[in-house]
Each structure stands twice: as C-alpha cells, then as structure tokens.
Amino acid sequence: MKKINIDASLLPYNTFGMDVKAAVLAEYDTVNDLREILNDPMIAGLMQAEKEKGRLPFWHIGSGSNLLFQGDYPGVVLHCLAKGIHIVQKNDVSSAKNDEICLLEVEAGTLWDDVCAYCAEHGLYGPENLSLIPGEMGAAAVQNIGAYGVEISDLIDEVICWDVEEGKEHRFGGEEMGYGYRESRLKHAADKARYIVTSVVLKVQKARKLRLEYAGIKRALGIENIGETDLATSDKPTLQEVREAVIRIREGKLPDPKKIGNAGSFFKNPVVENSVFDALIAQYPDMPHYVVDQNHTKIPAGWMIEQCGWKGKDLGRAGVYEKQSLVLVNRGGAKPEEIVMLCKKIVEDVEEKFGIHIEPEVNMI
Ligand SMILES: Cc1cc2nc3c(=O)[nH]c(=O)nc-3n(C[C@H](O)[C@H](O)[C@H](O)COP(=O)(O)OP(=O)(O)OC[C@H]3O[C@@H](n4cnc5c(N)ncnc54)[C@H](O)[C@@H]3O)c2cc1C
C-alpha cells in the first residue's frame, strides 16, 4: 500500500505542532511500495531538483518527535507505515547464545514503545529503561535514543536499510553504525541521502538483567536502600515494574506532546574537556556533571539554561518548559521562526555566561 499526497499538511506529522506543508508526502508499507515511490517520475524529478540545490533528495520522517520544520518543505517527505515485531533465528549464533538472547526483527514504522511493551510482556530484558520514548523503530536506530543509563545501540544487532543509490537492501551490523551519544552514521548527509531504514534486528536478553543504577528509577521503585547483591539474587523488581516506574518518572517530568507541542530535549548535553570543566566547577561548585571518560565531562544543558533564567519563560508563543529547561514548547500556534528565535537566544545566553556552545539535538529542517 502506498499513499502520495501533494501539498500535504505536516501538522499531524510533527509533535511540535508546526502548521507547515510538504510539496509531496509519500507513505508506504512494503519495500516494493517504497521502490515504486522512488521510481515515480514526478517524485524522482523533485528529488533530483533538491539534490541540484545542494540539499538532501528527500526527508524520511518517523512520527516527527525530534524534528523542527522551519517552514514549508519544498521536496519529498517519506514515511514508513510498516509495523510488526518478528522473532528471528540466525544460524551463525551458537545454540548456547540462542538460550540467552532473542533476536527480534522490528519493522521501521513500529512505535518504539510498542516494542518496549512487547518485550516486558514476553519477559525479554533490554529495552525497559527506554519505555515511553516517543517515535518509531527506524528513527530510534538513527537517533540512538537513550535514557536512564541505556542507549538503543546496546541492543542493536543489525539495521536493515534500502540503499537508494544502489537500489538494493543493505545491512549494517550494530558496530558499523558509528554510534555515539545521540549519534549515528545515518544522521549525516551522505548516508541520510542514501539509506532508508526498513527494519531493525534487536538482541534482547532472556535472562533477568536489569539496569537499575539510575537513582531516580530506584527511588520510584522504593528500593534505594537495597544493595546490588540482594537485587541480583531477588526476583523483584519485575521487568513490568521497572517499565512502569520509568513511565511514571517520564510522565511526571516531560510534557505530553498531545497536550503541549514539543520535541523532547531540544539541546544536547555538551561534553567538554576537563580543563574547561575544572574552570567552570571552580566558579560554580554546585554545577551537576557526569564523567564521560578520563578527559571529558558532560554538563547538563538544562542546568545551564536554568542558570540563565530561562526556565518557564516565553518568547512570543515559544517557551521553556517549567519542569525541564532542556525542553522547548509551543505554547499554542507558535510559528517555526518563534521556536528558532528562542533557540538562538538561549544558545547566545549560555555561551555568554558559561563560554560553552550548546547544539540542538532536534533535527532542524
Ligand atoms: C516528550 C518527548 C520525550 C523524548 N524523550 C527522549 C529520550 O528520553 N531519549 C531520546 O533519545 N529521545 C527522546 N525524545 C526524542 C525522540 O523521541 C527520538 O529522537 C525518536 O527516536 C524520534 O522518533 P520519530 O519516529 O518521531 O522520528 P522523527 O523525529 O520523525 O525523525 C528523527 C530522525 O530519524 C530519521 N528517520 C526517521 N525514520 C527513518 C527511517 N525509516 N529511515 C531513515 N531515517 C529515518 C529522520 O530523518 C530524522 O533524522 C523525546 C521526544 C519527545 C517529544
């Protein structure tokens, strides 16, 4: 099945609530439908025209929860409608390993939280800390989504793509994906113009293996005072309880895009050289921070934004969420340029106060 819409509204396709249009919005179910769309003369022509202007030939979206369309999009927007979770077997995985892990092939259009719910129901460990992160499977593998000490790259066996240039399937092993903090090779122009994720093979654990280091999760489960050894030998908390705790924490501190337009964390947390960190901590002894490695420290961008006085403040119809300064929100009817202006002001203020340049995590299109 494929649906091609000309001059299509993208309002239902972005969680920021931007009322913008795409010249073409093409949605597809199977790889065959995708191929037909890419070979359609009108679509191929638009893609070529965009390329000649030095832009990406198309933009593939998921559920639009990490995007900011800065205006009407003059080219082709693609979206995958295929949903499904399938258990797969691989001959090259030893039978000993087969007892410990389960491989799941998830189609790109499947909602990520549906994968988390499926795994929690079937006793499969790994995705539970990433529960309730909005968006689809394809995007999750591109973005390397992360929360509460887990990144999806920890769970990825293979990312299966359609190679637009070669007109055939291409499989990237997890280690070939160039994963880092909210980073992968598919975020960069050369690969973004070439590969479309059609499904992802996840490796999840059959044996009980929870990641409970994050203090907030322990607190939500009421197990702050239970030692690691006791937790390792106990059958509590259950997988479902961890998933529910993560959902409770997230619902308490992040705005629901169905009620307030937003795209989650607008900025990445900057990772700085320790020399920069040492100078800052001397000036701001209460500054929260996380050691990344011997030479680098991560500083929460939300804390810096708050120190600049932006928490809960508005600029026009764009605002900074009152419970989490990393999140920019649409107070109602905001235009893309209002969000962009707020972003610019915040970046300038953080740079002036802390000498650190923060960068958007959100894809600015
Ligand atoms: C309230 C809220 C909370 C959030 N919390 C978190 C969080 O805790 N952790 C976190 O990491 N993120 C978080 N996010 C951000 C967002 O949920 C993730 O980035 C998510 O992966 C985006 O999924 P999406 O389907 O909406 O993708 P989109 O926003 O539509 O697209 C994201 C990127 O993926 C690309 N893409 C999408 N589908 C494909 C495909 N099939 N093939 C190739 N490229 C594709 C797009 O081109 C784009 O570059 C949050 C967002 C919101 C609104």
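Applying the Karplus relation 6.51 cos²θ - 1.76 cosθ + 1.60 with θ = phi - 60° to the range 317-330 yields 3J(HN,Hα) values of 9, 9, x, 9, 4, 5, 9, 7, 5, 6, 9, 8, 10, 9 Hz, where x marks Gly and Pro. Less than 14 Å Cβ to Cβ from C308, Lys/Arg counted +1 and Asp/Glu -1: what total charge do the surrounding residues give? Result for the neighbourhood of C308: 0. Both the radius of gyration and Dmax for the range 1-160 are 17.8, 54 Å, in that order, over alpha-carbon atoms. Fully extending the segment from Q89 to Q205, taken as 0.36 nm per residue of separation minus the present Cα-Cα distance, adds 40.4 nm. Annotation: Cα Rg of the range 137-218 relative to the compact-globule expectation 2.2 N^0.38 Å equals 1.21. Annotation: for a label point projected 7 angstrom from Cα along Cα→Cβ of Y181, residues of the range 128-147 with backbone N closer than 18 Å are 143-147. Computed over the range 166-262, the range of Cα coordinates on each principal axis works out to 55, 38, 20 Å, biggest value leading. Out of every Cα-Cα pair that the range 2-80 contains, those further apart than 22 angstrom amount to 19 percent.
Max-minus-min Cα coordinates of the chain on each principal axis give 63, 57, 38 Å, with the largest extent listed first. Based on protein heavy atoms only, the chain ends up with 47 Å² per residue of surface accessible to a 1.4 Å probe.
Taking the 1.4 Å solvent-accessible surface of the range 2-80 as the whole, the part contributed by carbon and sulfur is 50%. Partners of K259 within straight-line reach, counting lysines whose Cα lies under 23 Å from its Cα and excluding those fewer than 8 residues away in the same chain: K21, K311, K313, K323, K335. Apolar share of the accessible surface for the range 261-364: 48 percent from carbon plus sulfur atoms, 1.4 Å probe. Evaluated on the range 40-93, the Kirkwood hydrodynamic radius is 14.0 Å, with distances taken between all distinct Cα atoms. Taking every alpha-carbon pair in the range 261-364 and binning the separations at 5 Å intervals from zero gives 2, 13, 24, 24, 16, 10, 6, 3, 1, 0 percent. Helical content alone sets the calculated 222 nm signal of the chain at -9000 deg cm²/dmol, taking -39,500 (n - 2.57) per DSSP H segment of four or more residues and averaging over every residue. Length available on full extension from R171 to E352: 0.36 nm per residue minus the Cα-Cα distance, which gives 60.7 nm. Charging the Cβ of each Asp and Glu at -1 and of each Lys and Arg at +1, and nothing else, the dipole of the range 2-80 about its Cα centre rounds to 160 debye.
The values are calculated or read from the model by the stated rules, or taken from the named source; none is laboratory data. Since this is a predicted model, take the numbers as computed values, not measurements. Cβ sites come from the backbone with ideal geometry, for glycine too, and all protein chains shown count toward neighbours. The protein model used for the area step is the full one, side chains on, heavy atoms only, and it has no ligands, DNA or RNA in it. Shrake-Rupley method; radii C 1.70, N 1.55, O 1.52, S 1.80 Å.
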